[in-house]
Structure formats: C-alpha cells, structure tokens
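What follows is one structure encoded as structure tokens, with my remarks underneath.
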Amino acid sequence: MAATTVTTQPGRASAGHAARRFWRAVRRNRKATAGAVLLLFFCFLALFPGLIAKDSPTAEIYGRSLGPSSAHLFGTTAYGQDIFAQVVYGTRQVLIIAIGAGFLATAIAAIVGVAAAYLGGVSDGVLGLITDVLLVIPLFPLLIVIAAYVHSSGTLVLITVLTLTGWSYTARQLRSQALTLRSRDFLEAARVRGERPLYIIVVEILPTMISLLLAAFLTNALYAVLFASSLQYIGLGDPNATSWGTMLYWAQNNEALQAGYYLQAIVPGACIALLGAAFALLNYAFDEIGNPALRPVRKIRSKHVQSATS
C-alpha cells in the first residue's frame with residue numbers, strides 16, 4: 001500500500017502545481033500578462049455591458065451613418081444604431097461561442113485522444129481513423145457546407161458545428177502526449193489496484209496534462225472566434241443577433257467602406273483581432289510550463305548577466 005501511494009504521487013502532484021505554475025508564468029511573461037489583461041477586459045464587457053453602453057444595440061432611433069461624437073463614440077450604422085453599443089453587447093455572444101466551442105472541442109479531443117492512446121488495439125485504430133478523416137477534410141469549406149444547411153443559425157448551432165469539426169487536431173496532439181505516459185509507474189499501480197480504464201483516463205492521466213489541455217482550449221477558442229465571425233460575415237449566422245461578425249455582415253451589405261463609413265467595419269474587425277491576440281498571447285505562458293527547456297535557459301541567461309555585471 002505504501003508503494004502504491006508513492007507511485008501515484010507524481011501524477012497528482014503535477015496536477016496540483018499546474019495552476020500555480022500557470023499564474024507564475026503569466027506574471028513573469030509580459031506578453032502573457034497583456035493577453036490576460038485583454039481577456040479580462042472583454043470578459044468584463046460581456047458580463048456587464050449595461051455599465052459601459054447606455055444605448056440599446058438594436059434601437060434604430062438615431063441619425064443614420066453619423067460620425068464619431070461624444071454621444072456616439074464610434075458613430076451610428078446605416079440603420080441609425082449606435083456602433084459602440086453594438087460592440088459592447090456583441091462581446092457576450094462572441095465569448096460564449098469562444099468558451100463554449102473551445103471547451104467542448106477540447107473535452108472531446110481529450111477523451112478521444114487519451115482513450116485511443118491508453119486502450120490501444122482496435123479502439124486506437126477506430127478512433128485514429130475518425131480523427132484522421134476529420135484532419136484531411138478542409139475545415140472552413142466543411143463549416144460553410146454545414147452552416148448552409150442550418151441557415152440563419154443561432155449561437156447554439158454555431159457552437160455545435162464548431163465543436164464537431166474542431167476537435168481532431170487537438171486529439172492527435174493529446175494522443176501523442178498520452179502515449180508517453182502509458183508505461184509510467186502510477187498508471188501501472190492503478191491497473192494493479194483494478195481501476196477501470198475510464199477512471200485511469202479521467203483521474204490519473206488527464207490531470208498530468210493540465211497545461212497542455214489549457215493551451216489546447218485557448219487555441220480552440222481562438223479558432224472558434226475566427227471561424228464563427230467568418231461564418232457570420234458571409235451571412236451564415238443569425239443576421240439579427242448582436243455580434244461582431246454580424247456587424248461586419250451588415251457593414252458589407254450596406255457598402256460602408258465604399259461610402260466612407262470605415263468605423264462600421266474597422267471597429268468590430270479590431271475587436272476580433274484583439275480578442276484573438278488575447279488568446280494567442282496567453283499561450284506564451286504555456287511555453288514556459290509545457291517546455292521545460294525554456295526555464296533552464298532563462299535561468300542560465302540571468303546567471304550570465306549577473307556574472308557579467310559583477
């Protein structure tokens with residue numbers, strides 16, 4: 001019993017220290033800190049839009065295509081709607097899609113990839129075949145075809161479509177990582193105790209991959225923002241929803257750029273770019289966690305600098 005306790009400790013210890021390593025890496029990495037600040041800012045907009053924007057995003061009660069002013073920070077649309085209010089209230093739907101699709105795609109990828117690596121044999125072959133088929137299909141054309149069949153799709157449909165088509169690449173990564181853990185002592189101890197495969201996968205293997213799972217979530221959330229906005233921009237989302245992608249759709253329909261009303265397209269496009277940058281910058285924190293070679297290099301460099309100055 002004592003040996004079993006010792007062998008299971010490394011996996012559980014790595015899971016317990018993952019969060020602390022993450023926050024320490026965020027504080028030490030300026031790019032990761034900038035990403036965290038940006039993401040928290042957008043989360044605040046999504047949670048409390050009424051505190052920031054006083055106007056209704058759908059009210060057509062103002063002058064059409066007005067320029068920026070103190071009353072309308074970014075001007076108004078061709079229908080007399082306040083652009084600033086649309087940007088603020090549209091943040092919620094964008095984040096719901098990003099977090100929902102990112103989390104679900106990562107969860108499916110974790111189950112499929114780790115199960116394939118741990119079970120092996122026929123299970124690995126079948127799950128690997130499904131993953132490979134999705135990998136070779138061009139993703140964006142597939143999304144267009146699916147979204148076209150559910151035209152004017154809402155948020156739930158977009159999350160479902162992005163989830164079902166976006167988990168395969170992450171599953172392949174997690175499978176490769178899980179293959180390196182199959183012969184570890186704490187997994188052998190769990191098998192000796194008679195634990196079921198599902199228990200071993202969920203309780204023993206996945207906690208050791210926390211940093212990789214979080215990095216995969218950020219990547220999937222980033223792609224969800226880009227793909228969902230792209231689908232909405234070409235008219236395959238719900239045109240009546242308040243979102244950055246639908247703002248671009250209406251700006252294109254009303255030929256805002258050709259008419260010189262640049263903010264109608266630039267502002268939602270800039271928000272999409274900033275949110276994508278927030279997810280991308282946060283991945284720098286996981287470089288320090290997931291790649292141990294980076295930490296010694298930084299320490300060695302700091303020591304060389306100290307010795308040179310002394």
| field | Extreme residue, most open to solvent (accessible area, probe 1.4 Å), among residues of region 238-249 that are at pLDDT below 90 and not hydroxyl-bearing (Ser, Thr, Tyr) | value | 240
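For every residue, the table says whether it meets (1) closer than 19 Å to residue 258 by Cβ; (2) outside any helix (DSSP H, G or I).
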| site | (1), (2) |
| --- | --- |
| 59 | no, yes |
| 67 | yes, yes |
| 70 | no, yes |
| 78 | yes, yes |
| 91 | no, no |
| Considering only residues of region 255-283 that are outside any helix (DSSP H, G or I) and without any contact (Cβ under 8 Å) to a residue 24 or more places away in the chain, which is nearest to the chain's Cα centre (by Cα)? | 262
| request: Exactly one condition in (1) closer than 18 Å to residue 170 by Cα; (2) in contact with a strand residue (DSSP E or B) (Cβ under 7 Å, 6 or more places away or on another chain) is not met by residue 140; state its number. | output: (2)
| task | Return yes or no: is residue 174 part of a helix (DSSP H, G or I) and open to solvent by 30 Å² or more (accessible area, probe 1.4 Å)? | result | no
| message | What's the number of the only condition in (1) crowded, with 22+ Cβ neighbours inside 10 Å; (2) out of contact with any Pro (no Cβ under 6 Å at 6 or more places or on another chain); (3) part of a helix (DSSP H, G or I) that residue 252 fails to meet? | response | (1)
| task | Please indicate, with yes or no, whether at least one residue in region 227-237 is closer than 30 Å to residue 285 by Cα, open to solvent by 60 Å² or more (accessible area, probe 1.4 Å) and touching a helix residue (DSSP H, G or I) at 6+ places or on another chain (Cβ under 9 Å). | result | no
| Residue in region 181-213 that is nearest to residue 123 (Cα to Cα), counting only those that are among the polar types (S, T, N, Q) and open to solvent by less than 80 Å² (accessible area, probe 1.4 Å) | 208
| field | Boolean, residue 84 is of a type outside the set (S, T, N, Q), out of contact with any Leu (no Cβ under 6 Å at 6 or more places or on another chain), in contact (Cβ under 8 Å) with a residue 12 or more places away in the chain and under 29 Å from residue 45 (Cβ atoms) | value | no
| For region 92-151, which residues satisfy the criterion of being over 30 Å from residue 46 (Cα atoms) and charged (D, E, K, R)? | 124, 132
| field | Residues of region 36-53 satisfying the condition of being open to solvent by 50 Å² or more (accessible area, probe 1.4 Å) and closer than 17 Å to residue 97 by Cβ | value | 47
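The values are calculated or read from the model by the stated rules, or taken from the named source; none is laboratory data. Here the structure is a predicted model, which means the values were calculated and not measured. Positions of Cβ are backbone-derived with ideal geometry, glycine not excepted, and every protein chain shown enters the neighbour counts. Just so you know, the surface numbers come from the protein's heavy atoms only, side chains and all, with ligands and any DNA or RNA stripped out. Shrake-Rupley method; radii C 1.70, N 1.55, O 1.52, S 1.80 Å.
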